[in-house]
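Down below is the structure, laid out as structure tokens.
The values are calculated or read from the model by the stated rules, or taken from the named source; none is laboratory data. Computed from a prediction, not measured in an experiment: that's the story for all the values here. Every residue, glycine as well, gets a Cβ built from its backbone with ideal geometry; the counts of neighbours run over all protein chains shown.
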Amino acid sequence: MINHETEVENKKAVFVDLQDVWVSYYKKWVLKSIYLKCYQGEIFGIVGPNGGGKSTLLKVILGLVRPQKGVVNLFGHKPDKHNRLEVGYLPQISKADRSFPVTVLDVVLMGLYNRLGFFKRPGNRSREVAMEMLSEINMADHAGKPFGNLSGGQQQRVHIARALASKPKLLVLDEPSTGVDSVAQEDFYELLVKFRDEMNISVIMVSHDIGVITAHADRIACLNLQIHYHGEPDPCFEPEIMQKLYGKDLNVMVHDSKCVTCFKKHEHND
Amino acid sequence: MAGIILSPVLAVVSFFVVLRRLSFVGVGVAHSAFGGIALGFLLGISPTLTAIAFAIAVSNAIGYISRHGRLSADTAIGIFFALAMALGVIFIGMSDQYNVDLFGYLFGNILAITGEDLITIALLGGLVLISIFLLFKELLFVSFDREVALVSGIPVAFLDHFFLTILAVSVVISMKIVGIILVSALLVIPGAAASQITDRYIPMIATAIAIALISTVGGLMFSYYADLASGATIVTLSSIIFFILFIVGKFRK
């Protein structure tokens, strides 16, 4: 595995690099000795149970939480205000207020605020960029609509457009499948792949939903305080790793062709 | 006159108060101004000055505690609100000037507004409006999604304290008209009423300003002719407008 990593490293830039990162909240470790690398142009999934440290890990990558121990590099530097500008961030859908008085276009424009600087207002140029982003996600027709009237899936696509408007190198997604129906989810992940290919950006997403992560990520990490697996999607379903992640009482977590634990259970029953 | 200057200030501030769900912070800050006024009387200096200092200190303390401590904002408000009122009562007790125009500060007395007050209101009100105008897009972004704003490099903590300071200043300059007890209503109602009938921010702010103007000017005129308390009339009128727009909004959906 180490050989494999050096091989990939030679070809592509390392966007995120964590080495022996430890984080504690109120004297309790939430991340223990995390090693993690994410390369340019890959979709990297982090999967694990709730409370397993996924959100904390994202905050560490963004530099919003400082680890007690370890080294964090974002695009080769310590994460700060400046290289954070190269990151597009998507929160969980449910957090945005549905009755907030902005249009779809206004939301996309927000993605450009950090480039505009204080006191300046978005002008025609910004509007053009925002409209371009909306056409990319096939939602140019919705530009003038109130953001709150959109479905969860549409809102998520608008958030993608917002995050991509400032032309980031890395997209960070927190639980992207929350509040989005499965058809919309498929569209959403297709968009991610499209943007990865067109703009050569990387995507880091965390989710407790193994099915979603394994189906769409190029490489994954399984996280429950520690990283239990780091590599290609499939082996995460080894019962041993699943147990470390979710405990012994695990039954069916996901149900697709890759679901090893689920298979075994079925064999048992039949 | 003072009402006309204050209306846009209150309307714009209320727009953000409603969006950021800070109504109760407004109530807490308004009451904390009482402690400041009492201190001003005790020290024999301008109560407006001490009220502004008190309100700014309390609003920022509420912001700080709710961000850094293990307390929610409403717990912090509950503590400071009571503390500032208690200090006010103590200060009043210590000063030898009894029954100064406290009632005027509590419930508002438009007739007690001096030319000097008017200048203060115009200056500070203008300052509030200009600073909101300049930082409007950042304030809007933070209100929409704090987390995303933070990640994209918007100075969220600074803007929080900036807005709390503005809120405090707006409370103090409005209190002579509507009073400490009622001013928080005007920091909520224009924005809340406007949000019932429009879902875009520019029309919403414009509507809020119109509502604030109609309530203050209309309320003052009515209170003068009907010989009613000015602050109470203004707040009642603005509430009536809110209920009308609430019903209109329901029918349009």
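Taking B:ALA82 and the conditions (1) surrounded by 17 or more Cβ atoms within 10 Å (Cβ to Cβ); (2) aliphatic (A, V, I, L, M); (3) more than 29 Å from B:ILE4 (Cα to Cα), which numbered condition does it fall short on, given that it satisfies the others?
Here B:ALA82 clears every test but (1).
Yes or no: the stretch B:24-35 includes at least one residue that is buried (at least 20 other Cβ atoms within 10 Å of the Cβ), within 20 Å of B:LEU187 (Cα to Cα) and more than 13 Å from the chain's Cα centre (by Cα).
Scanning the stretch B:24-35 turns up at least one residue that is buried (at least 20 other Cβ atoms within 10 Å of the Cβ), within 20 Å of B:LEU187 (Cα to Cα) and more than 13 Å from the chain's Cα centre (by Cα).
If you scan the stretch B:177-206, which residues turn out to be within 12 Å of chain A (Cβ to nearest Cβ) and within 28 Å of B:LEU111 (Cα to Cα)?
Result: B:GLY191, single match.
Conditions tested, residue by residue: (1) in contact with an Asp or Glu (Cβ under 9 Å, 6 or more places away or on another chain); (2) within 14 Å of chain B (Cβ to nearest Cβ); (3) touching a residue at least 12 places away in the same chain (Cβ under 8 Å).
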residue	(1), (2), (3)
A:GLU128	no, no, no
A:ALA163	no, yes, yes
A:SER177	yes, no, yes
A:ILE201	no, no, yes
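Do you know which of the residues in the stretch B:112-123 that are part of a helix (DSSP H, G or I) and in contact (Cβ under 8 Å) with a residue 60 or more places away in the chain is nearest to the other protein chains (Cβ to nearest Cβ)?
If we filter the stretch B:112-123 for residues that are part of a helix (DSSP H, G or I), which is where we start, we get B:112, B:115-123.
Then keep just the ones that are in contact (Cβ under 8 Å) with a residue 60 or more places away in the chain; that gives B:112, B:117-118, B:120-122.
Working: B:ALA112: 37, B:ASP117: 31, B:LEU118: 29, B:THR120: 26, B:ILE121: 25, B:ALA122: 23 Å.
Of everything passing the filter in the stretch B:112-123, B:ALA122 is nearest to the other protein chains (Cβ to nearest Cβ).
What strands (runs of 3 or more DSSP E), lying completely within the stretch A:14-97, carry at least 1 residues that are of a type outside the set (Val, Ile, Thr) and loosely packed, with under 14 Cβ neighbours inside 10 Å? Let's see the steps before the verdict.
Values: elements: A:14-25, A:28-39, A:43-47, A:69-74, A:87-90.
In the stretch A:14-97, the matching strands (runs of 3 or more DSSP E) lie at A:14-25, A:28-39, A:69-74.
Return the pair list, or none, for Cβ contacts closer than 7 Å from residues in the stretch B:134-154 that are within 7 Å of another protein chain (Cβ to nearest Cβ) to residues that are among the acidic types (Asp, Glu) and buried (at least 21 other Cβ atoms within 10 Å of the Cβ), at least 6 apart or on different chains.
From the stretch B:134-154, the pairs are B:ILE154/B:GLU138.
Do we find that B:ALA232 is at pLDDT 90 or above and either under 19 Å from A:PHE100 (Cα atoms) or assigned to a helix (DSSP H, G or I) (or both) in this structure? Before you say what the answer is, go through the steps one by one.
Working: at pLDDT 90 or above: no; either under 19 Å from A:PHE100 (Cα atoms) or assigned to a helix (DSSP H, G or I) (or both): yes.
For B:ALA232, the condition - at pLDDT 90 or above and either under 19 Å from A:PHE100 (Cα atoms) or assigned to a helix (DSSP H, G or I) (or both) - is not met.
Considering only residues that are modelled with pLDDT of 85 or more and at the interface with chain B (Cβ under 7 Å from one of its Cβ atoms), which ones fall in the stretch A:79-93?
Those that are modelled with pLDDT of 85 or more and at the interface with chain B (Cβ under 7 Å from one of its Cβ atoms): A:VAL87, A:TYR89.
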